[in-house]
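Note sheet for the following structure.
The values are calculated or read from the model by the stated rules, or taken from the named source; none is laboratory data. Owing to the predicted nature of the structure, the values given are computational and were not obtained by experimental measurement. For neighbour counting, all protein chains shown are included, and Cβ atoms are generated from backbone atoms with ideal geometry for every residue, glycine included.
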Amino acid sequence: MKEKEKNTPVANNLQDAAKMLSLVSHKLRTPLSIINGYSEAILSQSSKEKFSPFTTKALEEINKQGTKLCGLVDKLMFFNKVENLQPKDLAKKQINLKNLLKLCANDAISHEEDSATVPSTAAVAKRGTFIEIDCPSNLEIKSDEELMAFLLEELMANAIKFNNKPEKIIKVQCAHHGDSISISVRDYGAGVRPQDVNKIFEQFYQVDDYFTGQIDGWGLGLPMVKKILDLHDGSISVISDRGLGTIFTVSLPVA
Ligand SMILES: Nc1ncnc2c1ncn2[C@@H]1O[C@H](COP(=O)(O)OP(=O)(O)O)[C@@H](O)[C@H]1O
Ligand SMILES: [Mg+2]
């Protein structure tokens, strides 16, 4: 926080909001875990107990929605943590970029396929996602591994999520130019209209249109991506258009 913002009403309100967010998230996490635990336990008995199809379906839905809510609460808690970080809090180390990208791509595919709620109006295949990674094997970045993994997975997850193609091709390309490293994540999905491109980095903003507006989310991923890059002295740019797809390009200093 800037020096002159300390103890102002705006700063106090922001601190109160952050505290409330953290408190509410923690308070929600425990009952949600209990709901999920019990619904899973009952479901595991379904073959022995011979539940009716309605009971099984209801339990599955309780479990699905509970798991989804847990994911959202976890994201809110992580958002609160990231928002309050300062450069001195980072645990920076040398990381092999290609290995990290492979891990993030696998996580993005498995999370998006698990949590996808496909709008009934859109023809979206859950399977058929391909992430191609073009990165020199020896390229390393100096960064906080947990934060950088979140950032890369978020960009790939968005490329899968906001994608109305039956076969989703995502291309990740990395290059070393002088004292910076660039990582671009390209999809051929729904895209964003040029007038919305800057707004997608605002907290809680989601483009509200026929396709992307029906996809689950909180509009917190890209604001966190931006904050993580600020903490690493990096930057991000976007090229996108409706129906053509999107290219996010991250730039990070080498040192
Ligand atoms: N690859 C993409 N293609 C199309 N739209 C995107 C893409 N990435 C982000 N967006 C748009 O930007 C909004 C904000 O993204 P984000 O902050 O990650 O939030 P969330 O994923 O929770 O919706 C999304 O709701 C979507 O409208
Ligand atoms: Mg997102």
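Within segment 211-227, if we keep just the residues that are in contact (Cβ under 8 Å) with a residue 24 or more places away in the chain and more than 13 Å from ligand 2 (Cβ to nearest atom), the residue that is surrounded by the fewest Cβ atoms within 10 Å (Cβ to Cβ) turns out to be 214.
Cβ separations smaller than 6 Å between residues 6+ apart or across chains give the following pairs from segment 136-150 residues that are touching a residue at least 24 places away in the same chain (Cβ under 8 Å) to residues that are surrounded by fewer than 20 Cβ atoms within 10 Å (Cβ to Cβ) and part of a loop (DSSP other than H, G, I, E, B): 144/90; 144/91.
Has segment 189-200 got any residue that is near ligand 1 (Cβ under 9 Å from one of its atoms), in contact with a Gly (Cβ under 6 Å, 6 or more places away or on another chain) and either closer than 18 Å to residue 107 by Cβ or of a type in the set (Lys, Arg) (or both)? Checking segment 189-200: not a single residue is near ligand 1 (Cβ under 9 Å from one of its atoms), in contact with a Gly (Cβ under 6 Å, 6 or more places away or on another chain) and either closer than 18 Å to residue 107 by Cβ or of a type in the set (Lys, Arg) (or both).
Within the span defined as segment 207-219, every residue fails to be more than 24 Å from residue 111 (Cα to Cα) and not acidic (Asp, Glu). Name the residues in segment 139-156 that are buried (at least 22 other Cβ atoms within 10 Å of the Cβ) and more than 14 Å from residue 250 (Cβ to Cβ), would you? Within segment 139-156, none qualify. Among the residues examined, residue 252 qualifies as out of contact with any Cys (no Cβ under 6 Å at 6 or more places or on another chain) and aliphatic (A, V, I, L, M). Scanning for something within 12 Å of ligand 1 (Cβ to nearest atom), among the aliphatic types (A, V, I, L, M) and in the same structural domain as residue 95 (by TED's automatic domain parsing), does segment 163-176 turn up at least one residue? Looking for residues that are within 12 Å of ligand 1 (Cβ to nearest atom), among the aliphatic types (A, V, I, L, M) and in the same structural domain as residue 95 (by TED's automatic domain parsing), one finds at least one in segment 163-176, hence yes. Of everything in segment 237-251 that is under 20 Å from residue 101 (Cα atoms) and buried (at least 21 other Cβ atoms within 10 Å of the Cβ), the residue that is farthest from ligand 1 (Cβ to nearest atom) is 250.
Looking only at residues that are part of a helix (DSSP H, G or I) and crowded, with 17+ Cβ neighbours inside 10 Å in segment 109-138, which one is modelled with the lowest pLDDT? Residue satisfying both the conditions and the ranking: 112.
Residues in segment 212-255 that are charged (D, E, K, R) and more than 15 Å from residue 184 (Cα to Cα): 216, 227, 230, 233, 241, 242. As a summary of the residue check, residue 235 satisfies the conditions (1) more than 27 Å from residue 135 (Cβ to Cβ); (2) out of contact with any Gly (no Cβ under 7 Å at 6 or more places or on another chain); (3) polar (S, T, N, Q) except for the one numbered (1).
Pairing residues of segment 190-201 that are on the phi > 0 side of the Ramachandran plot with residues that are surrounded by 17 or more Cβ atoms within 10 Å (Cβ to Cβ), at Cβ distances under 6 Å and at least 6 apart in sequence or on separate chains, gives 191/240; 191/245; 191/246.
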